[in-house]
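The values are calculated or read from the model by the stated rules, or taken from the named source; none is laboratory data. No experiment lies behind these values; they were computed from the predicted model shown. Every residue, glycine as well, gets a Cβ built from its backbone with ideal geometry; the counts of neighbours run over all protein chains shown.
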Amino acid sequence: RCSSTASVMEILQFVGSTEIDPVFFESSYYVAPEEGVSKPYSLFFTALTEANQYAIAKVSMHRREHVVLIRPSEGALMLHTIY
């Protein structure tokens, strides 16, 4: 879950960690698992870290749909809205 208003995210594709320039990041959020889904969260974090990949996804936040980048960072997942 990426905010109190987001509930579902759809992964669109995976990209190498060097393929997206941070200049395109708009807003940043920590992503925390909902209760009872910490194992899938941990597996997703580990998979992204080991593959050196980021995920591109669609998520609804604040009554709007956003294209976002999800990346592992210092033991947690970060979500960045992108331009």
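Computed values, structure above
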| item | result |
| --- | --- |
| Counted residues, the range 57-81 - those being β-branched (Val, Ile, Thr) and either part of a helix (DSSP H, G or I) or farther than 15 Å from residue 14 by Cα (or both) | 2 |
| Pair list, Cβ under 8 Å, 6 or more apart: the range 8-23 residue more than 25 Å from residue 34 (Cα to Cα), other residue at pLDDT below 95 | 20/82 |
| Exclusive hit being in contact with a Cys (Cβ under 9 Å, 6 or more places away or on another chain) and among the β-branched types (Val, Ile, Thr), set 31, 37, 67, 8 | 31 |
| Matching residues in the range 32-83 - criterion: being over 22 Å from residue 16 (Cβ atoms) and in contact (Cβ under 8 Å) with a residue 40 or more places away in the chain | 32, 60, 61, 62, 63 |
| Residues of the range 69-83 satisfying the condition of being surrounded by fewer than 16 Cβ atoms within 10 Å (Cβ to Cβ) and either among the polar types (S, T, N, Q) or under 8 Å from the mean Cα position of the chain (by Cα) (or both) | 73 |
| Residues of the range 16-38 classified as in a loop (DSSP other than H, G, I, E, B), surrounded by 12 or more Cβ atoms within 10 Å (Cβ to Cβ) and polar (S, T, N, Q), total | 1 |
| Sole residue being in contact with a Pro (Cβ under 9 Å, 6 or more places away or on another chain), surrounded by 11 or more Cβ atoms within 10 Å (Cβ to Cβ), at negative phi and not in a strand (DSSP E or B), chosen from 41, 54 | 41 |
| Residues being touching an Asp or Glu at 6+ places or on another chain (Cβ under 7 Å) and either at pLDDT 85 or above or aliphatic (A, V, I, L, M) (or both) - total across the range 1-39 | 0 |
